[in-house]
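Peer 1: Quick one: the structure is below, and I'll ask about it shortly.
The values are calculated or read from the model by the stated rules, or taken from the named source; none is laboratory data. All of these numbers come straight from a predicted model, not from anything done at the bench. When we count neighbours, we look across all protein chains shown, and the Cβ atoms used for this are built from the backbone with ideal geometry, even at glycine. With ligands, DNA and RNA removed, areas are computed over all heavy atoms of the protein, side chains included. Shrake-Rupley method; radii C 1.70, N 1.55, O 1.52, S 1.80 Å.
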Amino acid sequence: MTVSTAPVAIEHVPGAGKRRKRFTNKGRQVDDTALREVQGLLGERDRRRDHLIEFLHLIQDEFGHLSATHITALAHELRLVQAEVYEVASFYAHFDIVRQGEEPPPPLTVRVCDSLSCELAGAKALLEQLPGHLGAGVRVVRAPCMGRCATAPVAEAGHHHIDRATVDTIAAAVESGQTHPRIPVYIDFAAYSAAGGYELLKACYAGTHERDSVTQSVSDSGLRGLGGAGFPTGRKWGFVRSYPGPRLMAVNADEGEPGTFKDRHYLQTDPHRFLEGMLIAAWVVEARTVFIYLRDEYPFVREILLAELPKIEAAGLLGEAEVELRRGAGAYICGEESSMIESIEGKRGLPRHRPPYVAEVGIFGRPTLVQNVETLYWLRDILQQGPEWFADEGRNGGKGMRSFSVSGRVNDPGVKFAPAGITVRELIDEYCGGMLPGHTLKGYLPGGASGGILPASLADLPLEFGALDAHGCFVGSHAVVVLSEQDNMGDVALNLMRFFEDESCGQCTPCRVGTEKAVKLMASGQWQSEPLRELCQTMADASICGLGQAAANPLLSVLKFFPEDLK
């Protein structure tokens, strides 16, 4: 074989070697009509990069979806690459992107929750029956937990929630045009102030209380972060204050753990007690801006805060801080603090590698205090009644009080304010009216979807941080789902793993692939324990954040405590 080195003759082509003049820019072109529409929606708002998700909400609220032309126009208006806007919009489940040539979704979407408590109450049948009962202009989709587990099954028509939903009640809401959020009765600014509200905050501003003494009282009370991690609140304040300013603060109001709804309860009944606690914490760490990150599944709470926050500002109670209300877009992962911070910055909610921790490098790279809603809710009572009021409560070694979100097979589900360390048996009998008729306790989730599943034989363990570690479980956000002999634990674990598969952000392979493979192995009907255990161990060891690290807990619990349900 020989290789010729002779020059190859090339036929002359007129204009060859010259760069052609481009008549248009690269990429999709900006549509003038779409640009005017986007500019009209944005109005005089600052074209800030961190407001990208807020702007996407404005467009979807107006048009019912995000068209390719509107995404292009928004990218142009914010001086961003189109791919950057698209990757953010496509990350969040509540944004409906309509690509060029595709038909937009129907005018109305009905979402039916298919998380565990709703599945126990008949959500599967609803999803099967609804399409045949609603008109062509209605889309029916399954949705993850809506934070209303005590009134399962739950559906949402537009932004109107339907508790204990049936085909008939959903159809009636659709036919009557009930698609807007229903605002519950709550304690407003005037009523809260008349009952002594904000006097403690005013005293802090006036110098009656010192930051160090307030921090010490909170530490003495034993108050922990009640979003799931349980980190001591006073210690966290000290960490944030140790870093040089300017400092920021973020409120995590994105409770998305299936079975959890306590924050919603406090936000929709007594929002100013939470807001006063928020402003006290912001004063302690000298936060310049406070971001309230609220899950999109709570539109009624958003309406409450939009109405009440201006009243606080008008009364001069914000102190040195500014408050920004940010709206989530349907991403459970944003309940993880670093993912929430990424979302606040207008990005995809991808967890950050740590260290550094957000107390040092948080929003926009500044030291950031992150607190859960319920943690802030109790600050006023603790500081006014003394740390002993809170610390002296508790049972079985627990310290303080806890809000348990209880759902499942009990007579009286709901938010139960009970002593820390109470057992699930005591919780059911003393606070929930016992088990439903015909149901006998078989097991329970002590801490939502990721907290594992414990059998009835361990119903006398204290529901407290660290008390369940030896059994591979934890209390987390204190979301207790009660299960009975009529429930198959293999099906329960499969429901939970499907949730994690859907909600994985996809950033790391162990979580992204592990949850998918686990669902396939579990759904096959033949659980192979060794491959599943190896998969669980890999996810726990190598996942970036708590989602992948804890996703396998229910699966492992079934293998350990309920092997009979796999036969």
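Peer 1: Would you mind telling me the share, in percent, of accessible area of the stretch 349-455 contributed by carbon and sulfur at probe 1.4 angstrom?
Peer 2: Here it works out to 47 percent.
Peer 1: If you fit an axis through the alpha-carbon atoms of helix 211-221 and take the longest principal axis of the Cα set of the chain, what angle between them do you get, 0 to 90°, nearest 10?
Peer 2: The helix 211-221 is inclined about 60 degrees to the chain.
Peer 1: Under 1.5 on a/c is rounded, so check that first for the stretch 471-531, then, if it is not, pick prolate when a/b is larger than b/c and oblate when it is not; a ≥ b ≥ c are the square roots of the alpha carbon gyration tensor eigenvalues.
Peer 2: Note, shape of the stretch 471-531 comes out oblate.
Peer 1: May I pose another question? May I have the convex hull volume per residue, in Å³, for the Cα set of the stretch 280-401?
Peer 2: Per residue, the Cα convex hull of the stretch 280-401 comes to 150 Å³.
Peer 1: How much accessible area per residue does the stretch 34-87 have, counting only protein heavy atoms and a probe of 1.4 Å, in square angstrom?
Peer 2: That works out to 47 Å² for each residue.
Peer 1: Under 4.7 Å Cβ to Cβ, no partner at all: give me those cysteines from the chain, in residue order.
Peer 2: That list is C145, C149, C204, C334, C432, C473, C505, C508, C511, C536, C545.
Peer 1: Quick one, which of [x] 26.0, 106; [y] 27.2, 87; [z] 26.0, 98 is the actual Rg and Dmax of the Cα atoms in Å calculated for this model?
Peer 2: Working out Rg and Dmax of the Cα atoms in Å from the coordinates points to [z].
Peer 1: Using Cα atoms only, what is the angle between the long axis of helix 32-42 and the major principal axis of the chain, expressed in degrees (0 to 90) to the nearest 10?
Peer 2: So the inclination is approximately 20 degrees.
Peer 1: By per-residue mean of other Cβ atoms within 10 Å, what is the highest-first order of 215-225, 547-557, 521-531?
Peer 2: Packing proxy ranking, top to bottom: 547-557, 215-225, 521-531.
Peer 1: Can you run the Rg to Rh ratio on the stretch 420-567? Use alpha carbon positions and the Kirkwood inverse-distance Rh.
Peer 2: 0.97
Peer 1: Would you check the accessible area of I183, probe 1.4 Å, heavy atoms only, in square angstrom rounded to 10?
Peer 2: Rounded to the nearest 10, that gives 80 Å².
Peer 1: Rounding to the nearest 10 and keeping the result within 0 to 90°, find how far the Cα-based axis of helix 68-78 lies from the longest principal axis of the chain.
Peer 2: In the chain, helix 68-78 runs at an angle near 80 degrees to the longest axis.
Peer 1: Keeping all protein chains in place and using 1.4 angstrom, which order do L436, L279 fall into by accessible surface area, from largest down?
Peer 2: The ordering from most to least exposed comes out as L436, L279.
Peer 1: Here's another thing I want to ask about it. With a 1.4 Å probe and all protein chains kept in place, how much accessible area does Y431 have, in Å² rounded to the nearest 10?
Peer 2: Solvent-accessible area, nearest 10 Å²: 70 Å².
Peer 1: For the stretch 433-514, what is the convex hull volume of the alpha-carbon atoms per residue, in Å³?
Peer 2: Enclosed volume per residue, from the Cα hull, is 118 Å³.
Peer 1: While we're here: Do you know the relative contact order of the chain, to the nearest whole percent, from alpha carbon pairs under 8 angstrom that are 6+ apart?
Peer 2: The normalised contact order for the chain reaches 12 percent.
Peer 1: More than 20 angstrom separation, counting every C-alpha pair in the stretch 44-126; what % is that?
Peer 2: Distances greater than 20 Å cover 43 percent of the Cα pairs.
Peer 1: Not counting ligands, DNA or RNA, and with a 1.4 Å probe, what is L126's accessible surface area in Å² rounded to the nearest 10?
Peer 2: Here the residue's solvent-accessible area equals roughly 10 Å².
Peer 1: What percentages, rounded to whole numbers, describe P(r) for the stretch 195-349 computed over all alpha carbon pairs with 10 Å bin width beginning at zero?
Peer 2: 10, 38, 40, 11, 0
Peer 1: Counting only DSSP beta bridges with both residues in the chain, what percent are antiparallel, rounded to the nearest 5?
Peer 2: Here the antiparallel bridges make up roughly 40 percent for the chain.
Peer 1: Moving on. What is the percent of Cα-Cα separations in the stretch 96-139 that go past 15 Å?
Peer 2: Result: 54 percent of Cα pairs exceed 15 Å.
Peer 1: Using 0.36 nm per residue of separation minus the Cα-Cα distance, give me the extension gain between L306 and F239 in nm, one decimal.
Peer 2: 21.0 nm
Peer 1: Still on this structure, I have one more. Treat every Asp and Glu Cβ in the chain as -1 and every Lys and Arg Cβ as +1, leave all other atoms uncharged, and give the resulting dipole magnitude about the Cα centre to the nearest 20 debye.
Peer 2: Computed about the Cα centre, the dipole is about 1720 debye.
Peer 1: Summing +1 for each Lys or Arg and -1 for each Asp or Glu, what net charge is found among the other residues whose Cβ lies under 13 Å from the Cβ of P271?
Peer 2: Around P271, the charge tally is -2.
Peer 1: Among A470, G490, C508, whose Cα lies farthest out toward the positive end of the dipole of the stretch 455-535, if unit charges sit on the beta carbon of Lys, Arg (+1) and Asp, Glu (-1)?
Peer 2: So the residue we want is C508.
Peer 1: Taking only protein heavy atoms and a 1.4 Å probe, what accessible area per residue, in Å², does the stretch 121-280 have with all protein chains in place?
Peer 2: 41
Peer 1: With the Cα gyration tensor of the stretch 82-164 giving a ≥ b ≥ c as the square roots of its eigenvalues, does the rule (a/c under 1.5 for rounded; else a/b larger than b/c for prolate; else oblate) give rounded, prolate or oblate?
Peer 2: oblate
Peer 1: Please arrange Y86, Y92 by accessible surface area, largest first, computed with a 1.4 Å probe and ligands excluded.
Peer 2: Y86, Y92
Peer 1: Report, largest value first, the span of the C-alpha coordinates of the stretch 116-246 along each principal axis, in whole Å.
Peer 2: The Cα atoms of the stretch 116-246 stretch 63, 34, 28 Å along the principal axes, largest first.
Peer 1: Taking the Cα centre as origin and putting +1 on Lys and Arg beta-carbons and -1 on Asp and Glu beta-carbons, what dipole magnitude results for the stretch 191-315, to the nearest 20 debye?
Peer 2: My answer is approximately 320 debye.
Peer 1: Something else now. Share of the stretch 492-548's accessible area from carbon and sulfur, percent, 1.4 Å?
Peer 2: Of the solvent-accessible surface of the stretch 492-548, carbon and sulfur hold 46 percent.
Peer 1: If you don't mind, there's one more thing I want to ask. Please identify which residues in the stretch 271-285 have an amide N closer than 20 Å to a label point set 7 Å out from the Cα of E322, following the Cα→Cβ vector.
Peer 2: 278-285
Peer 1: Please calculate how many Å² of accessible area the stretch 397-440 carries per residue, with a 1.4 Å probe and no DNA, RNA or ligand atoms counted.
Peer 2: Value returned for the stretch 397-440: 35 Å² of accessible area per residue.
Peer 1: Determine the relative contact order of the stretch 385-449: mean sequence separation of Cα pairs under 8 Å and six or more apart, normalised by residue count, in whole percent.
Peer 2: Answer for the stretch 385-449 is 26 percent.
Peer 1: Once neighbouring chains are kept in place and the probe is 1.4 Å, which whole percent of the accessible area of the stretch 210-261 is contributed by carbon and sulfur?
Peer 2: 49
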